[in-house]
1. Considering only region 153-167, state which residues are in contact with a Gly (Cβ under 8 Å, 6 or more places away or on another chain) and within 30 Å of residue 290 (Cβ to Cβ).
2. Going through region 73-105 one residue at a time, which ones are β-branched (Val, Ile, Thr) and open to solvent by 20 Å² or more (accessible area, probe 1.4 Å)?
3. Report yes if residue 153 is in a strand (DSSP E or B), within 18 Å of residue 31 (Cα to Cα), open to solvent by less than 50 Å² (accessible area, probe 1.4 Å) and not aliphatic (A, V, I, L, M), otherwise no.
4. Out of the residues in region 177-236 meeting the condition of being out of contact with any Leu (no Cβ under 8 Å at 6 or more places or on another chain) and of a type in the set (A, V, I, L, M), tell me which one is modelled with the lowest pLDDT.
5. For region 131-150, enumerate the residues that are open to solvent by less than 20 Å² (accessible area, probe 1.4 Å) and under 12 Å from the mean Cα position of the chain (by Cα).
6. Being touching a helix residue (DSSP H, G or I) at 6+ places or on another chain (Cβ under 6 Å) and closer than 22 Å to residue 82 by Cα is the filter; apply it to region 20-52 and report the residue that is surrounded by the fewest Cβ atoms within 10 Å (Cβ to Cβ).
7. Residue 124 is checked against (1) modelled with pLDDT of 95 or more; (2) open to solvent by 10 Å² or more (accessible area, probe 1.4 Å); (3) part of a loop (DSSP other than H, G, I, E, B); (4) closer than 27 Å to residue 8 by Cβ and fails just one. What number does that condition carry?
8. Of all residues in region 21-37 being part of a strand (DSSP E or B) and not small (Gly, Ala, Ser), which is farthest from the chain's Cα centre (by Cα)?
Amino acid sequence: MVSPDVAEAVAILRRGGLVAFPTETVYGLGADAANPAAVARIFAVKGRPRNHPVIVHLAEATAIKAWAAEVPPDAWTLAEAFWPGPLTLILPRAPHVPDAVTGGAGTVGLRVPAQPLARELLDAFGAGIAAPSANRFGRVSPTTAAHVRADLGLDVDLVLDGGPCAVGVESTIVDLSRGVARVLRLGGIGVEALADVLGHPLDTRVATGGSGNDRQVEPVPGEWAAPPAPGTLASHYAPEATVEILAADGVATRARTLLAQGRRVGLLAPRRVDGLPPGLEALPPAGGPQAYAQCLYQRLREADRRGLDVLLAVPPPESGIGAAVADRLRRAASTA
């Protein structure tokens with residue numbers, strides 16, 4: 001039986017409205033993916049460029065056949081292993097998929113979320129829901145319903161509250177539109193886990209900016225340009241505070257310099273850092289990579305609530321989901 005809140009959400013979606021809903025990664029701002037006018041409203045509310053595609057959320061893996069013109073074997077392998085879950089697959093779009101969803105590209109991003117309330121909504125709606133993160137474009141992603149309300153206010157018709165997001169960073173995006181698996185965005189599933197399932201390393205040049213696992217991969221002959229994908233701009237996920245990334249042993253020196261300039265300075269690190277100068281505001285330790293991912297956006301928002309000028313960030317080890325956390329910190333720190 002469908003809950004009253006979900007029934008209301010379905011009615012709103014069917015009449016072209018916007019519904020914010022939780023996934024295991026972040027909260028999404030959803031619209032009927034088959035309704036170009038409804039999807040256009042997502043872009044207007046977020047202030048999102050029209051050529052920046054959105055991900056279509058589906059109730060089950062078999063539904064990708066209705067959205068993709070072609071589904072290569074590796075796509076089914078990854079879907080079987082990681083769906084429902086924080087993985088988005090980029091595939092050649094079916095002819096009927098609206099340009100509003102794809103940004104006019106020849107590909108479409110598809111995912112089956114694992115969060116129970118999201119699954120109830122998708123089951124009840126019975127069709128694809130286009131949903132980028134439920135925040136203003138380029139800003140810190142929301143991981144609670146309160147974040148959505150603070151960011152979007154009355155611009156969203158309904159917010160479904162499913163509690164804090166369990167993963168806390170966006171889905172991993174894997175492009176399979178040319179048959180070869182390429183990682184476009186690091187996320188909730190580590191590249192190592194993807195490689196284990198596929199039985200070979202993946203090309204991560206786009207996701208890592210030419211560093212990391214791509215050294216294991218031979219260049220693919222011929223020209224290849226990555227299709228557009230959400231959350232891959234150099235500057236993204238940014239709080240109002242300036243973010244600076246550094247090692248733990250460099251925190252004290254950098255903090256003293258900034259404090260001497262009259263700046264208000266905070267620290268985000270996996271664990272307690274000793275020897276800090278007076279006046280530095282240390283946020284609660286983020287913990288190991290998984291815990292760091294879960295609290296990352298909450299901590300970035302806390303930096304703004306405290307009115308910090310600069311947030312010094314010590315990233316976790318760059319493996320598994322820790323690589324996604326480090327990626328988000330780099331994009332938050334970028335001024336590109």
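1. As a first pass, look at region 153-167 and keep what is in contact with a Gly (Cβ under 8 Å, 6 or more places away or on another chain): 157-158, 167.
Listed by number, the list holds a single entry, 167.
2. Just the residues of region 73-105 that are β-branched (Val, Ile, Thr), to begin with: 77, 88, 90, 97, 101-102.
Within region 73-105, 77 is the sole residue that qualifies.
3. Working: in a strand (DSSP E or B): no; within 18 Å of residue 31 (Cα to Cα): yes; open to solvent by less than 50 Å² (accessible area, probe 1.4 Å): yes; not aliphatic (A, V, I, L, M): yes.
Criteria not met by residue 153.
4. 220
5. If we filter region 131-150 for residues that are open to solvent by less than 20 Å² (accessible area, probe 1.4 Å), which is where we start, we get 131-132, 134-135, 138, 140-143, 145, 147-148.
Residues satisfying the conditions are 131, 132, 134, 135, 138, 140, 141, 142, 143.
6. Here is the first cut: in region 20-52, the residues touching a helix residue (DSSP H, G or I) at 6+ places or on another chain (Cβ under 6 Å) are 20-23, 27, 29, 31-33, 36, 39-40, 45, 50.
Okay, now just the ones that are also closer than 22 Å to residue 82 by Cα, so 21-23, 27.
Numbers: 21: 30, 22: 28, 23: 31, 27: 32.
Looking at the filtered set, the residue picked out is 22.
7. The failed condition is (3).
8. Taking region 21-37 as the starting set, the residues that turn out to be part of a strand (DSSP E or B) are 21-22, 27-32.
After this cut, where a residue has to be not small (Gly, Ala, Ser) as well, the list is 21-22, 27, 29, 32.
Values: 21: 14, 22: 12, 27: 9, 29: 12, 32: 20 Å.
Top of the filtered list is 32.
The values are calculated or read from the model by the stated rules, or taken from the named source; none is laboratory data. Quick caveat, the model's predicted, so the values are computed rather than measured. With ideal geometry, Cβ positions are generated from the backbone for all residues, glycine too; neighbour counts draw on all protein chains shown. Areas reflect the complete protein model, heavy atoms only, side chains present, ligands, DNA and RNA absent. Shrake-Rupley method; radii C 1.70, N 1.55, O 1.52, S 1.80 Å.
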